[in-house]
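Report on the following structure.
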Amino acid sequence: SGSKTLYVYDVSNFEVGDKIVVGVGKTTAEVMNITGVDKVNKTLSVESNSGNGLANDHNAYERVGELKYIALKVTPARGTIAKNYYDLKVEASSVNDRNTKISDNFDVALYIEAIIRVVLQSDQSDQLERGGTTTYQHTVINEGNTVFCWKGIRVPSDTQLIYQIEVNGTFQSPEYQTTDCIEALDPDENATFYVRVFAPSDVEDNTVEAALIEINGTAKDENGVSQDVNASNIDTTTVISGFLRLTKDVNTTKVIPGQDLNYTIVIENIGKKDALDINITDVIPNYTYFKSARIYEDGNCTGTGVDANTTDKTDGSGLKVSIIGDNQKVQVHYDRLPPNYKRCLEIIVGVQK
């Protein structure tokens, strides 16, 4: 009792390093090397385990005719609840020289050390505009072998950005603490909560804020004593002036009546999220008239492109051009523009004579 090494004797045909299941699949026992056998006093010695004094003599059991020994080192598997196990039945069996299976049960006491380990996943980052919000999802994971009582969450409060906690569908204060468990997590179990971040309208562009997200709780060690447990990660939020960058260019600065004028509009997603349902309206310059439009999937207006002209066209990626208001406006619609993607629209107008 109190030892993490368990010894079982009187089983033949096992070799050092063999694995034996102990209990209901909870632990694995490894066969240890026997360093000495005293047949007269029916005792044996086994190899020391990291100098913890386990090389002392242990009583051996005698079969009729000869002695057969085995020594097991038992290591709890991850997920085994930490507690004292008494009268655990350990069975090891093998086949003797007469091809007859022999086995024995041994009443033993097995002591399992508590492993207390909780992690919070994971560090994240995002961008948002002034007046906008973003939400980070966090997962609390119990990687130990004892129950973790999750009790609290803390997010920054005296900051330029505003933080709000959402647990089980309910919003909480920046420092949310309970006396009971928010949730009791068994080994390998996890729970999720969310942190919502809001950027006030008066915050400056390019503001970068790294927020420390902390959780706390308790877990009992192998002696039943509650231990404080903490974990944390970082949410980094950047305030930007916009997710989209629009660039307009023209092929010349001087034209004469009757000449064509060719100009391009490039839209780029400079954010970290998909830009959805984008509409851009461009007014045809004075003293010109619409002639044609062409859509390109890249941001350089190269390749074959797709003609738009006076009817709706799409390039297959959700980009569409509409000519509206008696050919006085060109409206561009994008269903979705992923981060770092560009789309280009080439418009040709004729200069009135």
Legend entry - Pairs, first part of a loop (DSSP other than H, G, I, E, B) in segment 172-191, second exposed (fewer than 13 other Cβ atoms within 10 Å of the Cβ), C-beta under 6 Å, six or more apart: PRO174/SER157
Inset, instruction - Say whether the condition of being in contact with a Cys (Cβ under 6 Å, 6 or more places away or on another chain), at pLDDT 85 or above and not hydrophobic (A, V, I, L, M, F, W, C) is met by at least one residue in segment 245-263. - result: no
Inset, instruction - Output the number of the condition that TRP150 fails; it satisfies all remaining conditions of (1) touching a residue at least 40 places away in the same chain (Cβ under 8 Å); (2) surrounded by fewer than 17 Cβ atoms within 10 Å (Cβ to Cβ). - result: (2)
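Just to verify a result, which residue in segment 219-235, among those that are in a strand (DSSP E or B) and of a type outside the set (Gly, Ala, Ser), is farthest from ARG154 (Cα to Cα)? Outline the logic, then answer.
First, the residues of segment 219-235 that are in a strand (DSSP E or B): 219-220, 226-235.
Those still in the list that are of a type outside the set (Gly, Ala, Ser) too: 220, 227-230, 233-235.
Values: LYS220: 22, GLN227: 19, ASP228: 15, VAL229: 14, ASN230: 11, ASN233: 11, ILE234: 12, ASP235: 12 Å.
My answer is LYS220.
May I ask you to verify whether VAL119 is assigned to a strand (DSSP E or B) and either touching a Phe, Trp or Tyr at 6+ places or on another chain (Cβ under 7 Å) or free of Cβ contacts under 8 Å to residues at least 60 places away in the same chain (or both)? Before you say what the answer is, go through the steps one by one.
Details: assigned to a strand (DSSP E or B): yes; either touching a Phe, Trp or Tyr at 6+ places or on another chain (Cβ under 7 Å) or free of Cβ contacts under 8 Å to residues at least 60 places away in the same chain (or both): no.
Here the answer is no, as VAL119 does not meet what is asked.
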Inset, instruction - Determine the pairs where a residue that is on the phi > 0 side of the Ramachandran plot, located within segment 256-271, has a partner that is open to solvent by less than 40 Å² (accessible area, probe 1.4 Å) with Cβ atoms under 7 Å apart, the partner being 6 or more residues away or on another chain. - result: GLY258/VAL351
Legend entry - Filtered residues of segment 182-216 (kept if open to solvent by 60 Å² or more (accessible area, probe 1.4 Å) and not acidic (Asp, Glu)): ASN190, TYR194, ARG196, PHE198, SER201, ASN206, VAL208, ALA210, LEU212
Inset, instruction - Filter segment 266-281 down to residues that are open to solvent by less than 30 Å² (accessible area, probe 1.4 Å) and at pLDDT below 85 and give me whichever is nearest to the chain's Cα centre (by Cα). - result: GLY271
Inset, instruction - Would you point out the residue of segment 304-346, among those that are modelled with pLDDT of 65 or more and touching a Phe, Trp or Tyr at 6+ places or on another chain (Cβ under 6 Å), that is most open to solvent (accessible area, probe 1.4 Å)? - result: GLY305
Legend entry - Within segment 157-170, considering residues that are more than 22 Å from the chain's Cα centre (by Cα) and modelled with pLDDT of 90 or more, the one farthest from ILE215 (Cα to Cα): GLN160
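The values are calculated or read from the model by the stated rules, or taken from the named source; none is laboratory data. Every value quoted in this text rests on a predicted model; they were computed, and no experiment measured them. FYI the Cβ positions are ideal-geometry reconstructions off the backbone, even for glycines, and counts take in every protein chain you see. For the accessible areas, the whole protein counts, side chains as well, though only heavy atoms, and no ligand, DNA or RNA atoms are used. Shrake-Rupley method; radii C 1.70, N 1.55, O 1.52, S 1.80 Å.
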